[in-house]
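Undergrad: One structure, pasted below without further comment.
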Amino acid sequence: MQTVTQLQQLLTRIDRRSYPAYKDTRGAYQFPGYVLSIDHVQGDPFAAPSKLSIHVKGEKAGFPRELYQMPCQRIALQDAITRLFARKAGQVSGLARGSGHSGLISTSRCGQEVLERTACNLDPATGDIVLRFEAGFPANGRTVNAGELRKMLFVFLPQCVEASLMYRNLDGKRLKGVADLAEDQQYIRQKLPKLGLCAFVADGSILPRATGASAQPMKGSVPFRSPQKLSVTLELPHRGTVTGMGIPRGITLIVGGGYHGKSTLLKALEAGVYNHIAGDGREYVITDHTAVKIRAEDGRSIIQTDISMFINHLPNGTDTTRFTTQDASGSTSQAANVVESMEAGTSLLLMDEDTSATNFMIRDELMQRVIHRDMEPITPFLERVEELYRTHDISTILVAGSSGAYFHPAHHIIQMDRYIPRDITVLAREEAQAFPSTCAQLDSAPTPNVHRCPRRSEEFGQGDRIKLKTLGRDGVSINRETIDLRYVEQLTDPEQLTALGYCLVYAQKYLMDGRHTLQQVVEELEQIMDCKGLEALCGREEAFLARPRRQEIFACFNRYRGLKLAGKTS
């Protein structure tokens, strides 16, 4: 490890030299109170910024152990530290002048969700902290501007460190609130199955978002209020008594007129698989952590997936127990999404008729009379939803606004009325008696074969260089193959997509051998992330990853058109 004085001397030596001279700065330097590590230096002022990290010993950082005793508290504290550093970095970023990205100081841009990220890592055993960030090394044209870099490293960066990584300078009460909120959220999540619930929405929650492009809560919106019949009271470890709507396991239908809040409630439940920061309005909207939003995805690829539960006897004789297509229809894509979610271990499906394939969801009586059942290869979800719950213990929450077909199988029916939920189960069932169900009495479908064994594609040799690029929230590109993830709606952050890309590359190189099932591959990836962190997937130069759920790992792998499976599933 080198000293601050040595870094200053080095900067003097390379000043005004060609920009690649900055590469000599790579290494670790002991600053007062912390170590600065320059991990990767950009080759050009217009290239992606350099990657650096701050390392602070636990005794120096001084964060009380009570703030990170539980994993959920540690992740929340890391999130809070990242936000503090990002806020201070935003104030000083660009104050050092130059061409290209000169003067940039930035780290992860956290959204409303609390995610585990590589941007900040706190060791639960020692309290040591590592904070990763990017910096644009200043240049005059394409020559080194050491004077401006001195400002960044010796003036601006210490300000960021003091304002975010040293507990003595922070609001201890606020950080205690962060840890307490995380524990309360975890308490609710653990309580759901014990109470027979798949979701909980606290009274007073603000569900609408400011705009379609903003996740901030909408000002002046109607606070959530639970219907009496579904009201549940919880005693949280820190906040104390909280009341709200508990959605029981089973089949729940959300109905109501347009613009009354049906989809808004479902969106909140989708996001409820994550914890949210204080002030978001959805802090106490907690959903079964395995929940998956299901929708139609015209054009997606499907590889050897058993969709026979829903689709059989195709006119061309295609085997639907090992169905493969590079251009799925709405109904086949939605059928595959359900089965793949079962493979990923979901206990709750979330659906909105607005984004579903109509012929996958229902077939009305008139259509059944005109087109006889034995001429229709699709068994609609309506006729399998009860079986999914009864046989596979998979609940469903469905938003419907135009068809009353699901009134018959639904265990609970919630009407959204001007953003206020009302339990209309009894009324809806009485009205439904005048409209006999058109569902046929079907034999139970065989349990879908979900034991597919992936094998390595030829391009993923262990020594091969792989080009990976994240396309915002739309997808990830690996070499020349783009994985379209636009409709995997519970991905909330581009850093999760970057992590998914590295999950696929790592699995292809080291785990996919044609003998282990996709489930076993994903379980191994999760163990690696649990024990070694996200960094183990890609090396430490990649600063910004956010952890995806196992459900999204499955979704990414299943949408990779280059996925190869062993010739015989087991």
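Undergrad: For the stretch 182-197, which positions are surrounded by 15 or more Cβ atoms within 10 Å (Cβ to Cβ) and either among the small types (Gly, Ala, Ser) or farther than 21 Å from residue 291 by Cα (or both)?
TA: Correct list: 182 only.
Undergrad: To continue, here is another question. Based on this model, can you work out whether residue 48 counts as of a type outside the set (S, T, N, Q) and buried (at least 20 other Cβ atoms within 10 Å of the Cβ)?
TA: In short, no.
Undergrad: When the stretch 315-352 is examined, which residues are found to be surrounded by 21 or more Cβ atoms within 10 Å (Cβ to Cβ) and acidic (Asp, Glu)?
TA: 340, 343, 352
Undergrad: Considering only residues that are basic (Lys, Arg) and closer than 30 Å to residue 355 by Cα, look in the stretch 471-517 and name the one that is surrounded by the fewest Cβ atoms within 10 Å (Cβ to Cβ).
TA: Going through the stretch 471-517, the residues basic (Lys, Arg) turn out to be 473, 480, 486, 509, 515.
Subset that is closer than 30 Å to residue 355 by Cα: 473, 480, 486.
Values: 473: 15, 480: 8, 486: 13.
Step by step, filter the stretch 471-517, then rank; the result is 480.
Undergrad: Report every pair of residues separated by at least 6 positions or lying on different chains whose Cβ atoms are under 9 Å apart, first residue within the stretch 352-371 and not assigned by TED's automatic domain parsing to the domain that holds residue 487 and hydroxyl-bearing (Ser, Thr, Tyr), second buried (at least 21 other Cβ atoms within 10 Å of the Cβ) and part of a helix (DSSP H, G or I).
TA: 356/334; 356/381; 358/331
Undergrad: Another question, then. Have a look at 556, 531, 503 and point out the one that is over 19 Å from residue 450 (Cα atoms) and either in a strand (DSSP E or B) or at pLDDT 95 or above (or both).
TA: 503
Undergrad: Considering every residue within the stretch 207-219, establish whether at least one is under 24 Å from residue 93 (Cβ atoms), hydrophobic (A, V, I, L, M, F, W, C) and assigned to a loop (DSSP other than H, G, I, E, B).
TA: yes
Undergrad: Among the candidates 518, 471, single out the residue that is in contact (Cβ under 8 Å) with a residue 40 or more places away in the chain, hydrophobic (A, V, I, L, M, F, W, C) and under 16 Å from residue 555 (Cβ atoms).
TA: On the way: 471 fails: in contact (Cβ under 8 Å) with a residue 40 or more places away in the chain.
Exactly one of 518, 471 is in contact (Cβ under 8 Å) with a residue 40 or more places away in the chain, hydrophobic (A, V, I, L, M, F, W, C) and under 16 Å from residue 555 (Cβ atoms), namely 518.
Undergrad: Considering only the stretch 289-305, I want to know if a residue exists there that is touching a strand residue (DSSP E or B) at 6+ places or on another chain (Cβ under 7 Å), farther than 30 Å from residue 327 by Cα, surrounded by 20 or more Cβ atoms within 10 Å (Cβ to Cβ) and touching a residue at least 60 places away in the same chain (Cβ under 8 Å).
TA: Scanning the stretch 289-305 turns up no residue that is touching a strand residue (DSSP E or B) at 6+ places or on another chain (Cβ under 7 Å), farther than 30 Å from residue 327 by Cα, surrounded by 20 or more Cβ atoms within 10 Å (Cβ to Cβ) and touching a residue at least 60 places away in the same chain (Cβ under 8 Å).
Undergrad: Identify, please: which residue in the stretch 418-472 is β-branched (Val, Ile, Thr) and within 23 Å of residue 338 (Cα to Cα) and is, among those, nearest to the chain's Cα centre (by Cα)?
TA: The qualifying residue nearest to the chain's Cα centre (by Cα) is 450.
Undergrad: On the given criteria, is residue 396 β-branched (Val, Ile, Thr) and either more than 30 Å from residue 207 (Cα to Cα) or exposed (fewer than 13 other Cβ atoms within 10 Å of the Cβ) (or both)?
TA: No: the conditions fail for residue 396.
Undergrad: Go over the candidates 428, 445 one by one and state the one that is of a type outside the set (Lys, Arg), crowded, with 16+ Cβ neighbours inside 10 Å and over 30 Å from residue 221 (Cα atoms).
TA: 445
Undergrad: When the stretch 135-164 is examined, which residues are found to be assigned to a strand (DSSP E or B) and crowded, with 22+ Cβ neighbours inside 10 Å?
TA: Those that are assigned to a strand (DSSP E or B) and crowded, with 22+ Cβ neighbours inside 10 Å: 135, 139, 144.
Undergrad: Still on this model: Considering every residue within the stretch 543-552, establish whether at least one is modelled with pLDDT of 95 or more, part of a helix (DSSP H, G or I) and buried (at least 21 other Cβ atoms within 10 Å of the Cβ).
TA: yes
Undergrad: Has the stretch 108-127 got at least one residue that is small (Gly, Ala, Ser), under 22 Å from residue 215 (Cβ atoms), out of contact with any Lys or Arg (no Cβ under 7 Å at 6 or more places or on another chain) and assigned to a loop (DSSP other than H, G, I, E, B)?
TA: Checked against the condition, which is being small (Gly, Ala, Ser), under 22 Å from residue 215 (Cβ atoms), out of contact with any Lys or Arg (no Cβ under 7 Å at 6 or more places or on another chain) and assigned to a loop (DSSP other than H, G, I, E, B), the stretch 108-127 yields at least one hit.
Undergrad: Taking the stated definitions as given, is residue 94 assigned by TED's automatic domain parsing to the domain that holds residue 152, modelled with pLDDT of 95 or more and within 18 Å of residue 159 (Cα to Cα)?
TA: no
Undergrad: Hey, can you tell me all the residues within the stretch 435-471 that are assigned by TED's automatic domain parsing to the domain that holds residue 509, modelled with pLDDT under 80 and touching a helix residue (DSSP H, G or I) at 6+ places or on another chain (Cβ under 6 Å)?
TA: Within the stretch 435-471, just 462 meets the criteria.
Results for (1) closer than 30 Å to residue 117 by Cβ; (2) surrounded by 14 or more Cβ atoms within 10 Å (Cβ to Cβ); (3) not assigned by TED's automatic domain parsing to the domain that holds residue 178; (4) not β-branched (Val, Ile, Thr), shown as yes or no for each residue.
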residue	(1), (2), (3), (4)
199	yes, yes, no, yes
221	yes, yes, no, yes
234	yes, yes, no, yes
245	no, yes, no, yes
251	no, yes, no, no
259	no, no, no, yes
262	no, yes, no, yes
267	yes, yes, no, yes
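The values are calculated or read from the model by the stated rules, or taken from the named source; none is laboratory data. It should be emphasised that the depicted structure is a prediction, and the values quoted were computed from it without experimental measurement. All Cβ positions, even for glycine, are placed from backbone atoms using ideal geometry, and neighbour counts span all protein chains on display.
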